[in-house]
Amino acid sequence: MQDLVVIGGGPAGYVAAIRARQLGMTVTLVEKQDLGGTCLNRGCIPTKAFFQNAQVLHTLARLEEYNVKAAGIEFDLQAAGERKQRIVDNIVGGVVSLLKAYRVNVIAGKAVVADPAAVEVNGETISARHILIASGSIPARLLLPGADLPGVITSDEMLDLQEVPQHLTIIGGGVIGLEFACIYRAFGSQVTVLEGMPALLNTIDREIVKRMTVFLKKQGIAVHTGAMVKEICPAEAGLQAIWEDKKGSNSTASDVVLMAAGRKPFTAGLGLEQLGVEMNHGYIQVDENYATNIPGLYAVGDVVGKRMLAHVASEEAKVAVERMTGQPSRVNYEAVPACIFTFPEIAAVGLTEEEAVARGINIKTGRFRFAGNGKAVTMGEIDGMVKVVADDNDTIIGVHILGPHASDLILEATAMVSRGMKTEEVAAIIHPHPTLGEALYEAVMDVNAQAVHLAPR
């Protein structure tokens, strides 16, 4: 009998397996497809490999600004895809080596939870004291007429395109849609984004979203919000998306249509319905221990749907295993950083201004634009700002960054929110000059109108 059987080898599953081994548990991990899950194989890592290609092209488009002369620049998507795959294989190989080093018993196959203390895989039954479901999620497809036409794809197929589409239509203005919009615009596509909601990125601070919408349009990306797609039709040059907004009916022609309507939990075929596992709209319901209503059966990551982010899945997995051994661990969902790899980048942690007001919190805000930051000016990356939300006790409860290296800057902001730091505590921390981090410092100081590099209010 194993102490723990983990179903799924993504950022939740393999982290759970390793942490359990660190705590002395015997562990079997079952993965039906690829170790590393969506994140390493079809999500975070491959898209960031393409983002780096796009970053280089984004810079090359501004060579004159940097006083560099060059000619004959060409982009090879097939070669970029090969580079992407080498990166994926290297990182997945690292996970394989780690699991081997920790002596995790890894089985390739499809798992079925036979009963609360047994998992069936490849015709064999594995008994377990605890079973942890970490089966992740898959792309959601809208149920539209024409959604099954050739050329209508999800993010999975988007990573395997062999040619840059001349015109790309993206249905969905969330994280996945906007990342691919910026990447393929840099690659040379004409990009149209159709978002059914009144605004893009519905979980991000509204002030940041308004500014980001302007920057998308500056890149030549056509953005239509409140645009409800009704149908996708074959057209002479490819595909035609028929959509409506408050102005009436419209259509957009393209070579490829990307369905970027989010992701949904993957639990099919695990045997959960037969066991009577409590679900809600496909998500497995768990308590503070990540235990389901079936004793001995646990779930973490995208299948529980708290925050569908790889780093949250890993943290939930770690906490779930520690809870199994009696440790009082917990995930601080109030301080989860999120990063969006667009041009410019977006990163956020804690409450937005709108969320804080909805909770009845009296707030103060501070802002600092990258146009006033020396390092950003030297880089030629002055678009964007840092926004800090604090309560009336000067405790920092939210930080929102739109600008260069936002994904790196958010770590310090996460420490501020996670530790409940006050503005005066940040004021006592010397920030090196010239760095982008000074913009975060100045925004914190602006909460109480103490930013030195801003004119008096």
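Across the range 375-389, what is the number of residues that are among the hydrophobic types (A, V, I, L, M, F, W, C) and either in contact with a Ser or Thr (Cβ under 6 Å, 6 or more places away or on another chain) or surrounded by fewer than 23 Cβ atoms within 10 Å (Cβ to Cβ) (or both)? Break it down into steps so the answer makes sense when it comes.
The initial filter retains those residues of the range 375-389 that are among the hydrophobic types (A, V, I, L, M, F, W, C), namely 376-377, 379, 382, 385-386, 388-389.
Then drop every residue that is not either in contact with a Ser or Thr (Cβ under 6 Å, 6 or more places away or on another chain) or surrounded by fewer than 23 Cβ atoms within 10 Å (Cβ to Cβ) (or both), which leaves 377, 379, 382, 385, 389.
Final tally of qualifying residues: 5.
Go through the range 190-207 and report how many residues are closer than 23 Å to Gln52 by Cα and surrounded by fewer than 24 Cβ atoms within 10 Å (Cβ to Cβ). Before the answer, list the steps.
Filtering the range 190-207 for residues closer than 23 Å to Gln52 by Cα gives 190-193, 201.
Of the ones still in play, those that are also surrounded by fewer than 24 Cβ atoms within 10 Å (Cβ to Cβ) are 190, 192, 201.
Looking only at that region, the number is 3.
All but one of (1) of a type outside the set (S, T, N, Q); (2) more than 23 Å from Ala140 (Cβ to Cβ); (3) in contact with a Cys (Cβ under 8 Å, 6 or more places away or on another chain) hold for Leu239, so report the exception by its number.
The one condition Leu239 does not meet is (2).
I'd like to check something: does the range 14-23 contain any residue that is in contact (Cβ under 8 Å) with a residue 40 or more places away in the chain, assigned to a helix (DSSP H, G or I) and among the charged types (D, E, K, R)?
So in the range 14-23, the residues in contact (Cβ under 8 Å) with a residue 40 or more places away in the chain come out as 14-23.
Retained after the next criterion (residues that are assigned to a helix (DSSP H, G or I)): 14-22.
Those left that are additionally among the charged types (D, E, K, R): 19, 21.
Yes: the range 14-23 contains one or more residues that are in contact (Cβ under 8 Å) with a residue 40 or more places away in the chain, assigned to a helix (DSSP H, G or I) and among the charged types (D, E, K, R).
Would the range 161-169 turn up any residue that is surrounded by fewer than 21 Cβ atoms within 10 Å (Cβ to Cβ), touching a Phe, Trp or Tyr at 6+ places or on another chain (Cβ under 7 Å) and in a loop (DSSP other than H, G, I, E, B)?
yes
Cβ-Cβ below 6 Å, separation at least six or inter-chain, first residue in the range 280-295 and in the same structural domain as Ala117 (by TED's automatic domain parsing), second exposed (fewer than 14 other Cβ atoms within 10 Å of the Cβ): which pairs?
Pairs that qualify, where the first residue is in the same structural domain as Ala117 (by TED's automatic domain parsing) and the partner is exposed (fewer than 14 other Cβ atoms within 10 Å of the Cβ), are Gln285/Glu278; Asn293/Glu278.
Being in a helix (DSSP H, G or I), in contact with a helix residue (DSSP H, G or I) (Cβ under 8 Å, 6 or more places away or on another chain) and not β-branched (Val, Ile, Thr): is that true of Glu322 here? Before the answer, list the steps.
Numbers: in a helix (DSSP H, G or I): yes; in contact with a helix residue (DSSP H, G or I) (Cβ under 8 Å, 6 or more places away or on another chain): yes; not β-branched (Val, Ile, Thr): yes.
When the stated conditions are applied, Glu322 passes them.
I'd like the full set of residues that are under 28 Å from Ala313 (Cα atoms) and free of Cβ contacts under 8 Å to residues at least 12 places away in the same chain, limited to the range 144-181.
Residues of the range 144-181 under 28 Å from Ala313 (Cα atoms): 153-160, 170-181.
If the condition is that a residue be under 28 Å from Ala313 (Cα atoms) and free of Cβ contacts under 8 Å to residues at least 12 places away in the same chain, then Glu157 is the only one that fits.
For the range 404-416, indicate whether the set of residues that are closer than 15 Å to Cys339 by Cα and among the charged types (D, E, K, R) is non-empty.
Looking for residues that are closer than 15 Å to Cys339 by Cα and among the charged types (D, E, K, R), one finds at least one in the range 404-416, hence yes.
The values are calculated or read from the model by the stated rules, or taken from the named source; none is laboratory data. Bear in mind the structure is a predicted one, so any value in this text is a computation, not a measurement. Every residue, glycine as well, gets a Cβ built from its backbone with ideal geometry; the counts of neighbours run over all protein chains shown.
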